[in-house]
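Take a look at the structure below.
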Amino acid sequence: MKRILEIGVQLSAERDLNRLLEELLSCVMELAHCDAGTLYLRDGDVLRFKIMHNHTMHTYAGGDGQDPDLPPVALRRENVCALSLLEDRTIRIEDVRHCADYDFSGPIEYDRRTGYYTKSMLVVPMRNRNGEGLGVIQLINALNEDGEIVSFPEDMMLVLESIASQAAITIQNVRYIEEIKEQFR
């Protein structure tokens, strides 16, 4: 509980969007004890990769103002991250290879190219106080104490939904501040 409160304070104090997104993904990955994560922001009718971390693959992209070099995800219901945002619900997947409800061709293709193995997934939408979908946090491969891939615990969903909600409001506030600064210029 103390760590969750610290994260809330940390996120609400940040005024640089890139650092905010970086801190957000790092904090939720730490809380969820997972191997990888991606943060997307909505841009019209697509979700754009903003930050991507994968501890096993030693991949850390984004957070410096440069988006990861990956194609955007269309806001279509068959894409699990898009569906999470469109339906404003957290989606928990125990094993992507045994789930026919969503299109996991992107993660499976990533695995094929890199040798990674995506198994469990937790996808959390980020909405501002007006209910607008700003983005999605996608966490991959929850780990137990022995470092084995397990499912994300159900009780983690509410914790991450709370953090995602606060983060969305902070992201919106940072954007408002930037717009005001730009108008003054």
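The values are calculated or read from the model by the stated rules, or taken from the named source; none is laboratory data. Fair warning: this is a prediction, and the values are worked out from it, not measured in the lab. As a convention, Cβ positions derive from the backbone with ideal geometry for all residues, glycine included, and neighbour counts pool all protein chains shown. Just the protein is used for accessible areas: all its heavy atoms, side chains included, with ligands, DNA and RNA removed. Shrake-Rupley method; radii C 1.70, N 1.55, O 1.52, S 1.80 Å.
Worth a mention:
- On inspection, Arg42 qualifies as assigned to a strand (DSSP E or B), closer than 19 Å to Leu25 by Cβ, in contact with a helix residue (DSSP H, G or I) (Cβ under 9 Å, 6 or more places away or on another chain) and open to solvent by 70 Å² or more (accessible area, probe 1.4 Å).
- Pairs where the first residue, in segment 141-164, is within 25 Å of Ile108 (Cβ to Cβ) and the second is open to solvent by 40 Å² or more (accessible area, probe 1.4 Å) and not in a strand (DSSP E or B), C-beta under 6 Å, 6+ apart: Asn141/Lys119; Leu143/His33; Ile149/Lys119; Ser151/Glu94
- Any hit, segment 134-153, residues being outside any helix (DSSP H, G or I), of a type in the set (Asp, Glu), under 18 Å from Leu41 (Cβ atoms) and open to solvent by 20 Å² or more (accessible area, probe 1.4 Å): no
- Test: residue in segment 49-57 that is surrounded by fewer than 22 Cβ atoms within 10 Å (Cβ to Cβ) and under 22 Å from Ala168 (Cβ atoms): yes
- Here the condition is being outside any strand (DSSP E or B), open to solvent by 10 Å² or more (accessible area, probe 1.4 Å) and farther than 16 Å from Phe49 by Cα; of Tyr110, Tyr116, it holds for Tyr116 alone.
- If you go through segment 112-148 and keep only what is of a type in the set (Gly, Ala, Ser) and under 14 Å from Thr90 (Cα atoms), you end up with Ser120, Gly133, Gly135.
- Failed item in (1) in a helix (DSSP H, G or I); (2) at pLDDT 95 or above, with Val123 passing the rest: (1)
- The number of residues in segment 62-94 being part of a loop (DSSP other than H, G, I, E, B), touching a residue at least 40 places away in the same chain (Cβ under 8 Å) and farther than 16 Å from Ala164 by Cβ comes to 4.
- Checked against (1) open to solvent by less than 20 Å² (accessible area, probe 1.4 Å); (2) at pLDDT 95 or above, Arg92 passes all but a single condition, namely (1).
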